[in-house]
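See below for the structure under consideration.
The values are calculated or read from the model by the stated rules, or taken from the named source; none is laboratory data. None of these values were measured; they are calculated from a predicted model. Positions of Cβ are generated from backbone atoms using ideal geometry, with glycine treated the same way; all protein chains shown enter the neighbour counts.
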Amino acid sequence: MSDNPLDTKIYEKLMKDTAFNLTPIVNKFDKAIREKFIPQFPFSFLSKDEVINAPGYADLKNLTRWAKDTWYTTPADGYVPIAAFGITDDTDAIKKSFEVVQNGVDGVMIAYVNFNIYDGGGFGPMAKKKIYAYVNLKIFNKDGKRIFKLKERASSDEGVLAVGGIITDLGKLKPMIESSANNLLKDMDSKLAKSLAKMAKQMDKYNSD
């Protein structure tokens, strides 16, 4: 959620807390993307079952960086977490997925949501921390080249007090994550049509090249 060294101890504590489980939030995004947003795209997608049950799909984890490490990723049920962060893409896994899934697919979409703690107000050593939720939808071709990207963000409604950069109540973080995630889904509802129109132009250019 952050690259701030001061937050390292926070994450160590959260990862040991069984109540801090982001899987329901990730699964909610998975369902929303598949059932609400994908039908708005100007082309068809294979179903989730066709993807995750394809022979060899589970073996893609052997070509990924963090698929076996739950510290970094929380995958939606059934999916192999494939990195698509720009500077650290699992390009080999992306390329291999075309061979695994087959069915004449022209692109592979990787979707992920990440959260970031940021300063949301306050002065000096007393500050309020809030959370941004970011959604990333990226489509790659058979060469592992990204041909489309959609990124949106939304903030949590509430914040939490931090003293000297240290959050005082870790119990408030998960509700803040849920709040930012819910706000992000609302924003995607209002912005997706415009983003898809832009994507259609990008895809037309790509197909004509």
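Quick notes on this one:
- Within segment 82-92, restricting attention to residues that are modelled with pLDDT of 90 or more and out of contact with any Lys or Arg (no Cβ under 8 Å at 6 or more places or on another chain), the residue that is surrounded by the most Cβ atoms within 10 Å (Cβ to Cβ) is 82.
- Close Cβ contacts (under 9 Å, 6 or more residues apart or on different chains) running from residues in segment 48-77 that are closer than 19 Å to residue 109 by Cβ and touching a residue at least 40 places away in the same chain (Cβ under 8 Å) to residues that are small (Gly, Ala, Ser) and part of a helix (DSSP H, G or I) comprise 51/97; 54/97; 57/97; 60/93; 60/97.
- Some residue of segment 119-130 being closer than 28 Å to residue 35 by Cβ, among the small types (Gly, Ala, Ser) and surrounded by fewer than 17 Cβ atoms within 10 Å (Cβ to Cβ): no
- Taken over segment 1-48, the criterion of being among the hydroxyl-bearing types (Ser, Thr, Tyr) and either assigned to a helix (DSSP H, G or I) or at pLDDT 90 or above (or both) is satisfied by 8, 11, 23, 47.
- When segment 56-100 is filtered for residues that are part of a loop (DSSP other than H, G, I, E, B) and polar (S, T, N, Q), the ones remaining, listed by number, are 64, 70, 73, 74, 88.
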